[in-house]
Every structure is written in structure tokens, then in C-alpha cells.
Amino acid sequence: MNKSAIFLLNIAAVSVLGLFLWWAEGSLDGYKIQILNLIAVNIILALSLNLIYGFTGMFSLGHAGFMAIGAYVCSILILTPDQKDTMYILGGAYEWVQNAQAPFLAAVVAGGLVAAVFGFIVGFPLLRLGDDYLGIATLGFAEIVRVVATNVSGITNGSLGLKGIPAHANLWWNFGWCLVTLYVIVRLLKCNTGSVLKAIRDDEIAAKAMGVNVFRYKLLSFTVGSFFAGIGGALLASLVTTIDPKMFLFTLTFNVLMIVVTGGLGSLTGSVLAGVGITVLLEWLRVVENPISLGSFEVAGIPGMRMVVFSLALIVIILFRREGLMGMREFSWARLLGKKGER
Amino acid sequence: MNVETFIQHALNSLTLGSLYALIAIGYTMVYGILRLINFAHSEIFMLGAYFVFWGVTLLALPWPLAIALSIAFTAGVGIMVDKVAYRPLRDAPRISALISSIGVSFFLQNVAIVFFQAIPRAVYRPEWMEQPFILGNVRILPITLFVPVLSVVLMLGLLYIVYRTKTGLGMRAISKDIETSYLMGVPVNRVIAITFGIGSALAAASGIMWALRYPQLQPIMGTIPGFKAFIAAVFGGIGSIHGAVVGGVILGFIEIMTVAFFPDLAGYRDAFAFVLLIVVLMIKPTGLFGARVEDKV
């Protein structure tokens, strides 16, 4: 298949998505729209973690930390000074926090950039570590972010968190960012850098022996991943309109990891599909937590059951289908349309 | 700060440190043998604490019996976790087992939320534990002394098992080379199961004492101590038992003393361990007593 045909098909796919969103905005109820929004945010997060973990082989458990950074930066920028005046009751906000203001697009980008800067800074010392140690050290980073967010009340309003964040993140913003993320990561992986990253994942020592500057590429991948994690966090903040340090517990990283592993480590298609599937499942499973009425009987809901089912699913997937939904395969138009011998 | 307060803080540090040490031993043993961070270990710690208090309050068992049953039961859970979630993945890439252990950790935690409910519960303590004895100006709760002493006893028992028994020989052999041990006739799966059993029993003991010391139970109570104990194990040199003990005690001292000397930093106490971890990994990646590991080509 030639390039222009693929380009046209891509345009067509994006237009179909656009039509769907336009239809959804007009005819679905608020709850369903919210789920669609969450899907977009979860896909962004899963793609960014997949870049770090699935394509570069760096076991990072610090996603919640980068999301927290993005979420706080964005929220502070889009909250009005008046809102901040009434909200920061623990001794008031710092002057520069109080006066900081930016339009939504700039705020989201700023969230991503600050997260990327942090990714770059912590990546420097941490990325020398081997897989398990990297996991626990990045987890440590996320915990430190949370502890700092709880204590620096002049910036984050401490454990009270920020409320009434303007809800700018609608379907168009979220899916727009989702496409941007997908585009950037696909471009990154398709060019030479992508091959280098996969080489590092498959055998770091061999890559080093081939003369690859492993550390520089790892840092690049980690920084780009952190950037999009920050974007995801920023959109999430504007989507749920309330953030506090407790929101960025390890559970959040776990959800993203779950999506990546289910979809397949090293498959962007898998991340997208699992992002849709798992977000819907997570919401749908709320059924088991709500009281169910059967005629006149009322079966009490079981709080926490959702995560029981979920963690069990992760164990079953890793035990019986280690490579996830897609393994390392990717979607391609040629395969979809049944053209053999072409890619 | 006068001498009395210092002694008071030192005793508290020692107690906290030995609790960390007991959990850290479980991490270090499993890591030494399977090269696996057993994330579920912190939930084992939590279960140990819950079981004993359900035994005492619901089943009205006497304390010693409840403690013994809880430890035995928790050890059983640890062995089951290995059997169900890790054994099928022995030949898989190590990362699969790690993800499985995160899954198990969440599973146990949420099962606890479902069955024990998420609200924190106060722990009922035996009366003699509430009576501090007073030396000069130092108030000492019995548990403050009891914990380090019991920890030392348990650790001596463990060292005996590891260095004087056949099972211990098996553990040490497996930690060097699992395939060769298998070929040499070491019952690998049984030895690993015993390792999980012992590690879980020590975590349960720590969980019980933790709940007596800081009398509150909640399903997520294991997470932070678990992370910190893992860090203690890394600090001491993962795979080394005395390393875990030394690491745990040092971590306890750092945590309590920093808060004691710089009360302004109290809010950051949960972050100290992680900062320490990152610093240690930078300077001495294999920890205090860790062996140097070369990259295999």
C-alpha cells in the first residue's frame, strides 16, 4: 500500500472519530460522556507508560508522580486568583502561585513540560539502575511527590487539595490530546530512535556494545513518557475538577500498568484497545459495589469488590496470557484490508 | 535535648527498626532466591495483624494461641501466594512475576477491604501492655523493649535455620544458582515454599507487634511499612539477612531521630526512606553487605 492511501485512510479514521464525538456530545448523557473522556485520558497514560516500559524496557512505577505534577501545574494555572483566595486557607498561597494564570491549552502544555523536566531530573540518577531497582526507585519518587504535595501547602493547598477546577477538558480536548500523543509516539517509534529503544529493551548490553549511547536514549524515552503522563494528569484534573494528594496513590499507577500489560507490552494498538476496554470495565464493575435491588429484596453492594475482581484479572492475564491482548503486534491498514506481503 | 529524651527516642527507634527488620528479612530472602520483589509481602504483614485481632475479639481465643494461629495461618497464605502466583512463572521473564506480585498485593488488600472493611479499627491491647515502667524520667511501654528482644530471638532462630540445617543449605544453594541446585537434587519448590513460609511468619510477627505498638488496624496499613522495609533490605544489601537487620534498624533510627531533632520535617517522615534509597543506590548500588553483581553478557 502506498503512503498516500495510508494517509487518506488515517484521515478517514480521524474523521470517523470526529463524527462519533460530535454525535456523542449531542446525544449521550453526562455519565457516558465522562467515561469517554476517561477513556481518552487513560489511553494517553497507557501510551506514555508503554513507551517507557514496553518499548524501552524501563520498569517505571512512578507514573502517578508525574501525573500529580501535571495535574497540580495545570490546576494552579487555570484556577482564577479569586478562587485561590478563598481556597488556600492553610496560610495562603505563595504570591507567584496566587497570580499564575494561563489559558487551558497553555496550562496543559505547562503541566506536561514541568512533568518532563522532573522526568529528566530524576531520570539522570535513576535510569542507571536495573529493572527492579528502577521500579522501586521511581515508586519512591512518586511517593516523595505525594508527601511533598501534602506538605507544601503554599503551592498545593496541602491535604485539602484543590477544588472547583474549571472543567475545560471536554471530549474534543481529551481526544485531541490522545491523537497528538499517539501521533508523536508512533513517529518516535517509526524513526531510527524507535529501533534503538527496542534494541535497548531487548538487550541493553548488546546495544551498548553496538555503540549506542544507551543512557541518552533511555533519558529521552523517559522524558517524553513523563511529558505525556503530565498531560494526562493535567487533563484528568480538569476532568474530575478536584484533586488532592490522596488521588495520586500507587493505585493510579497500578491502573495504568494494568492497561499496558493487558494490551500487550510493546503494542500501541494494545494500549488503545485495553484503554477502552478496561476503562469501560472499571466503570461497569461499579455495579457490584452498588446495592442491587431484586424486586423487593435489596442486595447490599460490596465496597472494594471492584478492585478485587480487577487485581484478580491482572493475575489471571499474567499467568495465562503473559503477552497480553496484542503481544507486540500493531494495527496496520494493510493487514486489516487483507493485503499480504505488504506492511 | 536531654539524655532522657534521647534514650526515649533511641528505644523507639530500636523498636521501629526491628519491626522494619523483621519485614525486610522476608523481602531479602525471597529476593535472594528468586530475584523477585514480593510486593504482596506488605499485605502478608497486614493479614498477620488482622488475624490475631479477629482471633482475640471474635473467637475469644487467649492471646498466645491467637498469635500462634495467626502466624501459622499467615505463613500458609504466603506459601499459597507463591504456589498460585509465582510458581507458574518461574521460567517466565522476571518482570511477569513482579507484575503478578503487584496483582496479588492489590488482591489481598482489596479482599481485606471487602471482608474487614476500610475503616481503621482500634486495637484492643492486653492490660499489662498499657502499664509503662518508669526508669528515672524515661517512660517505657513494655512493648518497646519486648519488640527488639523478640526480634533478636526470631532472627537467631532464622540464622540457625539458614546456616545449620539442610533446608538452609538448600536456600543458599538456590540463591547461587537455581538450575544447578535443581540438577543436584535440591527440592527447589519445597525449599522456596519454606522460604515463603518463614518470611511470611516473620512479617506476621512484625504486623502483630506493629499493631500493638501503634494500635490501629486498616487494610492499607502494610503499604508504607512494606516499602520502607524493602528499602531497608536494599540498604543493607538485598539477599543478605544481617544486611536486612542492620538496614531496618538504621532506617528506624533515621526516621525517628530526624523527626525528633527537626520537628519541622515531621510531615516528610514517609519520604525519608525513599530519599535514603535513592542516595544509597547512587553511591553503593548493592547496599552495605551486598555482593557485587556483574552484568552477564
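The values are calculated or read from the model by the stated rules, or taken from the named source; none is laboratory data. Please read these numbers as outputs of a predicted model, since none were measured by experiment. All Cβ positions, even for glycine, are placed from backbone atoms using ideal geometry, and neighbour counts span all protein chains on display. Protein only, heavy atoms only, side chains kept; ligands, DNA and RNA dropped before computing areas. Shrake-Rupley method; radii C 1.70, N 1.55, O 1.52, S 1.80 Å.
When the accessible area of each residue in the range A:135-155 is compared between its chain alone and the complete protein assembly (1.4 Å probe; ligands, DNA and RNA ignored), which residues differ by at least 20 Å², being lower in the assembly? With the partner chains in place, the range A:135-155 has these residues losing at least 20 Å²: A:I136, A:A137, A:L139, A:G140, A:E143, A:I144, A:V147, A:N151. With one equal scatterer per alpha carbon and no solvent term, the Debye-computed log10 I(q)/I(0) for the range B:140-297 at 0.18 1/Å reads -1.28.
Translational diffusion of the range A:53-173, estimated by Stokes-Einstein from the Kirkwood radius over alpha carbon pairs at 25 °C in a medium of 0.890 mPa s, is 159 µm² per second.
Sorted largest first, the spans of the alpha carbon positions of chain A along the three principal axes are 63, 58, 41 Å.
The heavy atoms of A:H168 present about 80 square angstrom of accessible area, all protein chains included, probe 1.4 Å. Take the protein assembly as shown with all the other protein chains still there, run a 1.4 Å probe, and you get 45 Å² of accessible area per residue.
Rounded to a whole number of µm²/s, how large is the Stokes-Einstein D of the protein assembly as shown at 37 °C and 0.692 mPa s, given Rh as the Kirkwood radius over C-alpha pairs?
Result for D is 125 µm²/s.
Within 10 Å of the Cβ of each residue in A:51-64, the mean number of Cβ atoms contributed by other protein chains is 1.
If R0 equals 22 Å, the separation of the Cβ atoms of A:T86 and A:A106 corresponds to a calculated FRET efficiency of about 0.40. In the elastic network of chain B, a GNM with C-alpha springs shorter than 10 Å, the most mobile of B:A233, B:A68, B:A92 is B:A92.
Normalised by 2.2 N^0.38 Å, where N is the number of residues, the alpha-carbon radius of gyration of the range B:44-143 equals 1.44. Could you run the Debye sum over the Cα atoms of chain B, one equal point scatterer each and no solvent, and tell me log10 of I(q)/I(0) at q = 0.12, 0.16 Å⁻¹, two decimals? At q = 0.12, 0.16 Å⁻¹ the computed log10 ratios are -0.78, -1.36. Residues whose amide H lies under 5 Å from that of A:G264, counting only those 5 or more places away or on a different chain, are A:L325, A:M326; hydrogens are built 1.01 Å from N in the peptide plane.
Couplings 3J(HN,Hα) of the range B:259-273, computed from phi: 5, 5, 7, 10, x, 4, 8, 3, x, 9, 4, 6, 9, 3, 4 Hz, in residue order, whole Hz [Karplus 6.51 cos²θ - 1.76 cosθ + 1.60, θ = phi - 60°; x for Gly and Pro].
Here the gap between A:V16 and A:I33, fully extended at 0.36 nm per residue and compared with their Cα-Cα distance, gives a gain of 4.4 nm.
Helix B:94-116 and the long axis of chain B differ in direction by around 40°, with both axes built from C-alpha atoms.
Among the listed pairs A:K84/A:K246; A:K84/B:K228; B:K176/B:K228; B:K176/B:K284, those whose Cα-Cα separation exceeds 24 Å are A:K84/B:K228; B:K176/B:K228.
Counting only lysines at least 8 places from A:K198 when in the same chain, those with an alpha carbon closer than 26 Å to its own are A:K3, A:K190, A:K208, A:K218, A:K340, B:K296.
Using θ = phi - 60° in the Karplus curve 6.51 cos²θ - 1.76 cosθ + 1.60, the 3J(HN,Hα) couplings for the range A:256-267 round to 5, 4, 4, 5, 5, 5, 5, x, x, 5, x, 9 Hz; x is entered for Gly and Pro. May I ask you to find the residues of the range A:320-334 that are shielded by at least 50 Å² of accessible area once the whole protein assembly is considered instead of their isolated chain (probe 1.4 Å)? The answer is A:R322 - residues whose exposure falls by at least 50 Å² when every protein chain is included. Any chance you could check the Cα centroid distance between the range B:1-35 and the range A:157-174 for me, in angstrom? Distance between centres, Cα-based: 41 Å.
Surface composition of chain A: carbon plus sulfur atoms contribute 67% of the solvent-accessible area (1.4 Å probe, protein chains only, all chains present). Listed values for the range B:29-42 are Karplus-derived 3J(HN,Hα) couplings in whole Hz (6.51 cos²θ - 1.76 cosθ + 1.60, θ = phi - 60°), namely 5, 5, 5, x, 8, 9, 6, 10, 7, 8, 4, 5, 4, 5, and x replaces Gly and Pro.
Of the peptides B:155-162, B:131-138, the order by per-residue mean of other Cβ atoms within 10 Å, starting with the highest, comes out as B:155-162, B:131-138. Between chain B and chain A, the total buried accessible area stands at approximately 3600 Å², from heavy atoms with a 1.4 Å probe. Proximity of backbone amide H atoms, modeled 1.01 Å from N, is registered between A:L61 and A:T138, A:L139 at under 5 Å, excluding neighbours fewer than 5 places apart on the same chain.
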